[in-house]
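Worksheet for the structure shown next.
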Amino acid sequence: MPLLDIQDRIAKEEARVGRSPGSTKLIAVSKVQPLERVVAVLEQGHRVFGENKVQEAAGKWPDLKERFDNVELHLIGPLQSNKTRQAMALFDVIHSVDRIKLARAIARIAEEEGHCPQLFIQVNTGEEPQKAGILPRDLDGFVSECRDLGLPVIGLMCIPPVEEEPTLHFALLAKMAKRNGLEKLSMGMSSDFERAIAQGATHVRVGSAIFGERDYG
Ligand SMILES: *Cc1c(COP(=O)(O)O)cnc(C)c1O
């Protein structure tokens, strides 16, 4: 069973590197997956899921939350400003805070609604022009701006460049989090979650290794 297999691999890596058991949260990334695969994982008792598009998540999770208790939803993809309110209502955690305009919108809506998801700041560790995220050199200033806005920032998130060794990016993210007094690290996907755990990941985002390949056809 893929879910059990991944949980087992996480536990083994935690043990191998001396992390406490259960210190890594497994986010099952269900984007694009057929509903029956998602339901199967819910039926195995898993409750923590990730989606990368607000619209897609809004189309399936309200129903699934009716059927299954205690679902915890994470937004791991880019957030457009005009979807901020909807995202804040649907998601428990947002991993993609990547610009001051978005941070200000979240702060304003949080005040209006009296509620704010937990937040990660996305860092573009590879400084890739096409990729979202705060540049490493701008991070410390951005963290303090978010704190000034009263935002509940709990950690940092990154998506390393595909063609590079991810360990270097994971280590850089861990260093930046520590320097800013942030405890949580969202890093590691199907192909590299063990390496992320070795560098201190507290949240791994695993899709295809649990659900099978995504069919974008
Ligand atoms: C799709 C996605 C994942 C999961 O990718 P897999 O390789 O299928 O594990 C993780 N993080 C983000 C931001 C994603 O968009």
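The values are calculated or read from the model by the stated rules, or taken from the named source; none is laboratory data. Here the structure is a predicted model, which means the values were calculated and not measured. Using ideal geometry, Cβ is built from the backbone for each residue, glycine included, and neighbour counts are taken over all protein chains shown. Remember, those area values only see protein heavy atoms, side chains included, never the ligands or the DNA or RNA. Shrake-Rupley method; radii C 1.70, N 1.55, O 1.52, S 1.80 Å.
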Looking at the square roots a ≥ b ≥ c of the eigenvalues of the Cα gyration tensor of the chain, which shape do they give, rounded for a/c under 1.5, prolate if a/b is larger than b/c, or oblate? oblate
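For the chain, what does the accessible surface come to per residue with a 1.4 Å probe? Please give it in Å². Don't jump to the answer; show the numbers that get you there.
Working: 10420 Å² over 217 residues.
On a per-residue basis, 48 Å².
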Among A132, Q55, A110 - extreme Cα towards positive end, dipole of the chain, charges at beta-carbon: A110
Cα-based shape type of the range 143-217, given that a ≥ b ≥ c are square roots of the gyration tensor eigenvalues and the cut on a/c is 1.5: prolate
Cross-link reach from K60 to lysines, straight Cα distance under 25 Å and at least 8 residues apart if same chain, gives K25, K31, K83
Report the charge-dipole magnitude of the range 68-135 in Debye, nearest 20, computed about the Cα centre from +1 at each Lys and Arg Cβ and -1 at each Asp and Glu Cβ. 340 debye
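Mind listing which GluC sites (Glu not before Pro) in the range 85-170 are in a DSSP loop and have 14 or fewer other Cβ atoms within 10 Å? Mind showing how you got there, number by number?
On the way: sites: E111, E112, E113, E127, E145, E163, E164; in loops: E127, E163, E164.
Listed in order of number, the matching sites are E127, E163, E164.
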When the chain is treated as a GNM, springs tying every alpha-carbon pair under 10 Å, which of S96, S186, S23 comes out with the largest mean-square fluctuation? S23
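For the range 1-115, what does the alpha-carbon gyration tensor say about shape, rounded, prolate or oblate, given a ≥ b ≥ c as the root eigenvalues, a/c under 1.5 as rounded, and a/b over b/c as prolate? Write out the running numbers ahead of the final one.
Details: a/c = 2.32, a/b = 1.47, b/c = 1.58.
Here the range 1-115 falls in the oblate category.
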Sorted by average packing, counted as other Cβ atoms within 10 angstrom per residue and highest first, what order do 97-107, 54-64, 149-159 take? 149-159, 97-107, 54-64
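Quick check: at a probe of 1.4 Å, how many percent of the accessible area of the chain sits on carbon and sulfur atoms? If you can, show how the numbers build up before the last one.
Numbers: 5150 of 10420 Å².
For the chain, the apolar C and S fraction of the accessible surface comes to 49 percent.
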Once every DSSP H run of n ≥ 4 in the chain is given -39500 (n - 2.57) and the sum is divided by its residues, what mean residue ellipticity at 222 nm do you get, rounded to the nearest 500 deg cm²/dmol? -12500 deg cm²/dmol
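How high is the relative contact order of the chain, given as a whole-number percent (alpha carbon pairs under 8 Å, six or more residues apart)? Walk me through the numbers before you get to the answer.
Values: 374 pairs, mean separation 46.2, N = 217.
It comes to 21 percent, rounded to a whole number.
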With only Lys, Arg, Asp and Glu charged, each at its Cβ (+1 for the first two, -1 for the last two), find how big the charge dipole of the chain is about the Cα centre; round to the nearest 20 debye. 340 debye
